[in-house]
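So the structure is just underneath, and the comments pick up after that.
The values are calculated or read from the model by the stated rules, or taken from the named source; none is laboratory data. Note that the structure is predicted; figures quoted are calculated from it, not measured. Neighbour counts are summed over all protein chains in view; Cβ atoms, including those assigned to glycine, are modelled from backbone coordinates with ideal geometry. For the accessible areas, the whole protein counts, side chains as well, though only heavy atoms, and no ligand, DNA or RNA atoms are used. Shrake-Rupley method; radii C 1.70, N 1.55, O 1.52, S 1.80 Å.
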Amino acid sequence: MRFRFPASLLLIFAVVWTSRIALAATTCSATMTDLNFGTSVDPLVGATTTATLSYSCTTSGVSNGTAVRILACFSIGDGSAGDGLTIVPRRMTQSGTNPPYLNFNVYTDPGGTALWGTFWQPSYPPPEITISRTGNGTSTGTLTAYGRIPASQATVTPGIYLDSFSAGHTTLDYRYREGNGTAPSDCRTGGSGGATGGSFSFAARATVPAVCTTTASNMNFASPTDLLATSIDQTSTISLTCTNGANWQIGLDNGSNASGTQRRMRLGTTGNYVNYELYRDTGRTQRWGATLSTDTRTGSGTGTAQSVTVYGRVPPQSPMPAAGSYKDTILVTVTY
């Protein structure tokens, strides 16, 4: 006898509800543009420029109406061209070679009195910002960095100068507090959270071209006492200051009253002239002209003032020119 029992399959479907608890957090980041001093920096005069640091702090996971207070600090060290010891001064260098150096620094004020520093050197603290906000969201802002190249850097040679700042040279430190209370008082400790050791990258750049400035004194032959029967000699000085290592040549044209290559001084608007000549040597045998590498004076800049003597001579002349004051104008050209 067979018995059949009805069979049933019990299917159980369990729905398990899980909940996720949102964790509150605040994160900050920063970027910075380059300090670009340009392509015509005169190290004897100096230069200024600016860069912009942009920061952003985002909070998520807090309840609506919750107060969020953030303190963030932005440190800048000495950069890749520094000595790792000091930021006074910071410096740029050519193609990673050491030296020559071009000194500069970064400030938080346009007057160049408040150095933009770093926690690594307590005497020069970094700038800090405080953000107060209610609830979740993102707060952004900017800080201006003022770059300054000081004047009177006589040893700097022409070239392209660079100092790079990246991780290890810059840090972003921040702390935050949610709920009641004030903002943290220290960017590295306190508060309910934060981070230390973030970074932002930028570079300081400058191009130093060869530069010369020039002045010249007048040459005064005075009044002859012998009716131009003998030569009259006199000198004047050309003063120039050129970038260290800049090769220069000084040329003198033939003047505004020349006849061919003969230099002449003229009496007013008349047709009366007195011949004279200019030389590169005290013996007055090497005529000074304007043909490069032929009859010019040559030299190299030192970053400081240099003086070059012009040797002039009025030779004997007959017949004696008419009485009066004779003048000529010479164009001095410095090529470098």
Nearest-10 value in Å² for the accessible area of S192, using the 1.4 Å probe: 70 Å²
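With r as the distance between the Cβ atoms of T50 and S300 and R0 = 25 Å, compute the FRET efficiency 1/(1 + (r/R0)^6) and round to 0.05.
Values: r = 35 Å, r/R0 = 1.38.
The calculated FRET efficiency here is 0.15.
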Residues of segment 256-299 with amide N under 13 Å of the 7 Å Cα→Cβ point at D233: 279-286
Net charge of neighbours whose Cβ lies under 11 Å from the Cβ of F165, counting Lys and Arg as +1 and Asp and Glu as -1: -2
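Rounded if a/c is under 1.5, else prolate if a/b is larger than b/c, else oblate: which is segment 201-245, with a ≥ b ≥ c the root eigenvalues of its Cα gyration tensor?
Details: a/c = 10.33, a/b = 6.15, b/c = 1.68.
Since a/c reaches 1.5 and a/b is larger than b/c, the shape of segment 201-245 is classed as prolate.
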For segment 82-232, accessible area per residue (1.4 Å probe, heavy atoms of protein chains only), Å²: 50 Å²
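Using unit Cβ charges (K, R positive; D, E negative) and no other charged atoms, how large, in debye to the nearest 20, is the dipole of the chain about its Cα centre? Spell out each step's value before the answer.
Values: 21 positive and 17 negative charges, 224 e Å.
Value, rounded to 20: 1080 debye.
With the contact rule set at Cα under 8 Å and sequence spacing of 6 or more, what percent relative contact order holds for segment 157-288?
Contact order relative to length: 19 percent.
What ranking of L53, L292, L143 comes out by heavy-atom accessible area, probe 1.4 Å, highest first? Numbers along the way, then the final one.
On the way: L53 0, L292 90, L143 35 Å².
In descending accessible area the options line up as L292, L143, L53.
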Between segment 209-240 and segment 260-336, the alpha-carbon center distance in angstrom: 7 Å
Listed residues R284, R91 arranged by accessible area, highest first, probe 1.4 Å: R91, R284
Highest-MSF residue in the chain out of G251, G190, G301 [GNM, Cα springs under 10 Å]: G190
Cα coordinate range in segment 53-135, projected on the principal axes (Å, largest first): 57, 26, 21
With all protein chains modelled, accessible area of V211 [1.4 Å, Å²]: 40 Å²
Relative pair counts by distance (%), Cα atoms of segment 112-265, 10 Å bins: 7, 20, 19, 13, 11, 9, 9, 6, 4, 1, 0
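Would you tally the net charge around Q286, using a Cβ to Cβ cut-off of less than 11 Å, leaving Q286 out, and scoring K and R as +1, D and E as -1?
Within the 11 Å Cβ shell, the charges total +1.
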Where a label projected 7 Å from the Cα of A114 along Cα→Cβ would reach, residues of segment 138-154 with amide N under 18 Å: 141-148
For the chain, built as a Gaussian network whose Cα springs stay under 10 Å, the top-fluctuating residue of A322, A24, A51: A322
Among (i) 68; (ii) 61; (iii) 54, the entry that matches percent of Cα pairs over 25 Å apart as calculated here: (i)
